[in-house]
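First the structure, which I've put down as structure tokens, then a few questions once you've had a look.
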Amino acid sequence: MYLKGAHKEDRAAAWCRGRTHTTTECFAFTLPPSYPENSGVEESTGEVRTTTVDRRAKTGAREKEIEMASDKELVQQNKQVVLKEYVAAGFPKESHFGVTTAAINLKVPDGSNAVAFKNLFLSCDPYMRSRLSPPVHRDGADETDPEFSPFRIGAPISGLGVSKVVDSGHPDYKKGDLVWGGTAWEEYSIIENPKGLFKIPDPSVPLSYYTGILGMPGMTAYFGFYDICAPKKGEYVFVSAASGAVGQLVGQFAKLAGCYVVGSAGTNEKVELLKNKFGFDEAFNYKEVDDLDAALKRCFPEGIDIYFENVGGKTLDAVLLNMRVHGRISACGMISQYNLEQPEGVHNLMTIVYKRVRIEGFVVTDYFPRYAEFLGKMLPWIKEGKIVYVEDFAEGLENGPAALLGLFSGRNVGKQVVAVARQ
């Protein structure tokens, strides 16, 4: 609206009447688009300058530019590991996964409880195999345990990891906070209403430790051994998959408790690690043993008081024959069975009866409320050198699928970690 020749107050009022839906003050308007920047308005009595209006217009536009630039700076390319197809039976392959990239805006909406994270380290864990399987439906119902529900096709897989807050609308999290807990396998994640995350209280130890010794595997070893097995000094302890994320800790806990401990592993390198690094009294390569029962009898001539079960199948069957009266078995996992189309049966179950053996399974999330208690023990042991830990790193998210699948062939040595970003 340009009113040439009109009095300047009339022109301003007329323009304001046309803009009352966006402004409540007539002189706080923005110039029409047809006006060149810093222009005046011609009239027969002279030139009327609109420098005040122009300055306000430029200030508002500049603020908008800064806001848009700020938002643009928070848009990142986000690499993700997605599941392409389910694995009904057998060993997963890298072809079951895909690596994709999509843009993500890390600026969380104002007023929301969302938190944006940069993922630093991701944990590879055997339980994730069950989540690669298709949903189990019977009579129209999904019978899958919700804690181990299948991943979704085309979506990022998820697990546990260490992350850093890059933006937050949640009162409990601020930029720069370090946490561990559930996250997707991607470089950046936005969690709408974060729950079940643990703030990292001591960053003086390696942050990757919170995927292992100070995270879920550490809690699994600690509570699975001390709470379920209730060890006594002088007892005989056997640990299968002993060089893994959990087993290496159980063996060291057994030594701290004054027990005699033997571990099994799948390579001679790992056997040496158990004896020379972790302090196991004895260890053997189960792949070089023809008779597991005989091997256990050589290691435990008086029998086994405590078995920390990570393998299942033939190993469990042989252990049952060697359990002592009132022995305890902590059933943590059975990795030898995860990729079988037909799981192996166990034949020596009557041993449980006449030797009064107690077998107890557990899920570590039941112990998450006791995390502070766990840290109170573990952090001093680490800093005093009473507990050591071995990690196996895969560098880069794109190498995550191969690292995860390596768990099922025993390729990893120690805790398998995917390093997405080192801060």
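The values are calculated or read from the model by the stated rules, or taken from the named source; none is laboratory data. In this text the structure is predicted, and so the values were computed from the model without any measurement. Note that we place each Cβ from the backbone using ideal geometry, even for glycine, and neighbour counts take in every protein chain shown. Side chains included, ligands, DNA and RNA excluded: accessible areas come from the protein's heavy atoms. Shrake-Rupley method; radii C 1.70, N 1.55, O 1.52, S 1.80 Å.
So what's the gap between the Cα centers of region 199-254 and region 350-423, to the nearest angstrom?
After rounding, the separation between the Cα centres reads 7 Å.
Moving on. I need the Kirkwood Rh of region 181-316: take the reciprocal of the average 1/r across all distinct C-alpha pairs and report it in angstrom.
Values: mean 1/r = 0.0612 Å⁻¹.
Taking every pair of different Cα atoms in region 181-316, averaging 1/r and inverting gives 16.3 Å.
Here's something else I'd like to know. How much of the accessible area of region 212-339, in percent, comes from carbon and sulfur atoms when a 1.4 Å probe is used?
Values: 2230 of 4350 Å².
The value for region 212-339 is 51 percent carbon and sulfur by accessible area.
So, in nm, how far is label Ile153 from label Asn268 when the simple model puts each one 7 Å beyond its Cα toward the Cβ?
The two pseudo-label positions are separated by 4.6 nm.
Going through region 212-319, which GluC sites (Glu not before Pro) have at most 12 other Cβ atoms within 10 Å and a DSSP loop state? Numbers along the way, then the final one.
Values: sites: Glu235, Glu269, Glu272, Glu282, Glu288, Glu302, Glu309; in loops: Glu235, Glu302.
Sites meeting the loop and neighbour criteria: Glu302.
Per-residue counts of other Cβ atoms within 10 Å, averaged by peptide: what ranking do you get for 177-189, 342-354, 370-382, highest first? Don't skip to the answer; put the middle values down first.
Values: 177-189: 22.0, 342-354: 11.7, 370-382: 15.2.
The peptides rank, most packed first, as 177-189, 370-382, 342-354.
Using the Kirkwood formula over every pair of different C-alpha atoms, what hydrodynamic radius in Å results for region 308-382? Can you show the working numbers first?
On the way: mean 1/r = 0.0696 Å⁻¹.
Averaging 1/r across every pair of different Cα atoms and inverting gives 14.4 Å.
Same structure, new question: Using only C-alpha atoms and all pairs of different ones, pull out the Kirkwood radius for region 266-423 in Å with one decimal. Walk me through the intermediate numbers first.
Values: mean 1/r = 0.0548 Å⁻¹.
Roughly 18.2 Å, rounded to one decimal.
Also, I was wondering about something else. With a ≥ b ≥ c taken as the square roots of the eigenvalues of the C-alpha gyration tensor of region 156-225, please select rounded if a/c is under 1.5 and otherwise prolate if a/b is larger than b/c or oblate if it is not?
Values: a/c = 1.92, a/b = 1.51, b/c = 1.27.
Because a/c hits 1.5 or more and a/b exceeds b/c, region 156-225 counts as prolate.
Something else about it: Loop only per DSSP, at most 12 neighbouring Cβ atoms within 10 Å: give me the trypsin sites (Lys or Arg not before Pro) in region 291-368, ordered by residue number.
Qualifying residues, ordered by number: Arg356.
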